[in-house]
Amino acid sequence: MAATFNLSYYQAIAHSIPNNNTNCKICYSTPKLQPLFIRKQSFFHGNLQIRPGNSGNVQAVSAMASGNVKEVLPPALDSSSDPPAIFDGTPKLYISYSCPFAQRAWITRNCKGLQDIIKLVPINLRNRPTWYKEKVYPKNKVPSLEHNNEVKGESLDLIRYIDSNFDGPSLFPDDPAKIEFAEELLSFTGSFSKAVISSLEENKMNEAGAAFDDIETALSKFGDGPFFLGQFSLVDIAYVPFIERYKPYFSEVKNYDITKGRPKFAVWIEEMNKIEGYKQTQRDPKEHIETYKKRFSESSV
Ligand SMILES: N[C@@H](CCC(=O)N[C@@H](CS)C(=O)NCC(=O)O)C(=O)O
């Protein structure tokens, strides 16, 4: 539960003593540089996350809700599992722990501090419960989100939906130049992954290299932070699950460091790895390597 205070967001910042959380540093150092975008960022004060409320005031939520405390993850449901209470009014995010598309929605939920609001329902895709297709999401894919008696899918739509329809810090810019670039980068995610995957299938490393160069170039556009739009946003969330998989696979199987000669990309990965809401969704790199080894021929190393 969030408590709402009659303080402006800046008053709240002024009254807060920063702890050693990196989010605090962001809020203390950047309002002057990016007032429009940073205005909506949350920060931590002790065990509380201070975040903007709906009408100009601020809310304080427990560290558990903010993503600053490790959540105990529920076991994945399979064909022998009963369904959760579908359409009982509790928003539910159906995911698979290993799906990069679902991970996008999961990270968004965590980074907005919605762990107490949106219930995580992991599904075992290899042994899927029949009720998932029949009662929840006829497309039978993850992610899907049950909210307001409707079920929606498609990860890129869902991250925008979660960002716009739930409380928590905004993860989308309001600066027009950044909005335009965000749209461009979000629509490029599909071609980026396609280029990397087809280079793996055809063993043409230069095609993947060009795709990673595009990332380096994109990260050079705004200098006010290490992320695609300067500040952390949905764009970072859209890309990171895929980079999490490509990096260890290229390194181990192709002996190719995807960050070599791409310093901004290297820093981006480092900074992403510090984001709590993302960290909690990460899988063991060995698991990614094994999954991709099964998917691609190892003889082409
Ligand atoms: N375009 C969809 C792709 C989702 C997707 O392909 N999810 C996979 C798991 S990673 C899935 O549910 N596969 C099950 C199936 O296709 O039957 C999105 O962005 O959400």
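Would you check which residues across segment 194-217 are touching a helix residue (DSSP H, G or I) at 6+ places or on another chain (Cβ under 6 Å) and not β-branched (Val, Ile, Thr) and list them?
Answer for segment 194-217, where residues must be touching a helix residue (DSSP H, G or I) at 6+ places or on another chain (Cβ under 6 Å) and not β-branched (Val, Ile, Thr): Ala195, Ser199, Asn203, Glu207, Ala208, Ala211, Glu216.
Hey, Val136 hits all of (1) more than 19 Å from the chain's Cα centre (by Cα); (2) within 20 Å of Ser233 (Cα to Cα); (3) within 16 Å of the ligand (Cβ to nearest atom) but one; which does it fall short on?
The failed condition is (2).
Does Leu145 qualify as being within 21 Å of the chain's Cα centre (by Cα) and closer than 23 Å to Tyr97 by Cβ?
Yes.
Would you mind finding the one in Pro122, Pro173 that is buried (at least 20 other Cβ atoms within 10 Å of the Cβ) and either away from the ligand (no atom under 16 Å from the Cβ) or at pLDDT below 95 (or both)?
Being buried (at least 20 other Cβ atoms within 10 Å of the Cβ) and either away from the ligand (no atom under 16 Å from the Cβ) or at pLDDT below 95 (or both) holds for just one of Pro122, Pro173, which is Pro173.
Let me confirm something: among Lys112, Lys139, which residue is at pLDDT 95 or above and surrounded by fewer than 20 Cβ atoms within 10 Å (Cβ to Cβ)?
Lys139
For segment 265-301: of the residues being more than 19 Å from the chain's Cα centre (by Cα) and surrounded by 15 or more Cβ atoms within 10 Å (Cβ to Cβ), which is modelled with the lowest pLDDT?
Phe296
Failed condition for Val151, given (1) closer than 21 Å to Asp78 by Cβ; (2) touching a residue at least 40 places away in the same chain (Cβ under 8 Å); (3) within 13 Å of the ligand (Cβ to nearest atom), with all others met?
Result: Val151 fails condition (2) only.
Would you say Gly113 is within 25 Å of Phe172 (Cα to Cα) and in a loop (DSSP other than H, G, I, E, B)?
Considered against the rule, which asks whether it is within 25 Å of Phe172 (Cα to Cα) and in a loop (DSSP other than H, G, I, E, B), Gly113 comes out as yes.
Any idea which of (1) away from the ligand (no atom under 16 Å from the Cβ); (2) surrounded by fewer than 19 Cβ atoms within 10 Å (Cβ to Cβ); (3) closer than 18 Å to Arg109 by Cβ is the one Gly168 doesn't satisfy?
All conditions pass for Gly168, except number (2).
Output the helices (runs of 4 or more DSSP H) that fall wholly within segment 189-301 and possess 3 or more residues being in contact (Cβ under 8 Å) with a residue 60 or more places away in the chain, or say none.
So the answer is 234-254, 276-279, 285-295.
Would you confirm, using the coordinates I've provided, whether Glu244 is acidic (Asp, Glu) and out of contact with any Ser or Thr (no Cβ under 8 Å at 6 or more places or on another chain)?
yes
Just one of (1) assigned to a loop (DSSP other than H, G, I, E, B); (2) closer than 26 Å to Ser164 by Cα trips up Leu185, so point out which.
Leu185 satisfies all of (1) assigned to a loop (DSSP other than H, G, I, E, B); (2) closer than 26 Å to Ser164 by Cα except (1).
With the checklist (1) in a helix (DSSP H, G or I); (2) of a type outside the set (Gly, Ala, Ser); (3) away from the ligand (no atom under 13 Å from the Cβ) in hand, flag the one item Glu146 doesn't pass.
If we test Glu146 against (1) in a helix (DSSP H, G or I); (2) of a type outside the set (Gly, Ala, Ser); (3) away from the ligand (no atom under 13 Å from the Cβ), just (1) comes out false.
The values are calculated or read from the model by the stated rules, or taken from the named source; none is laboratory data. Every value quoted in this text rests on a predicted model; they were computed, and no experiment measured them. We place every Cβ from the backbone using ideal geometry, glycine too, and count neighbours over all the protein chains shown.
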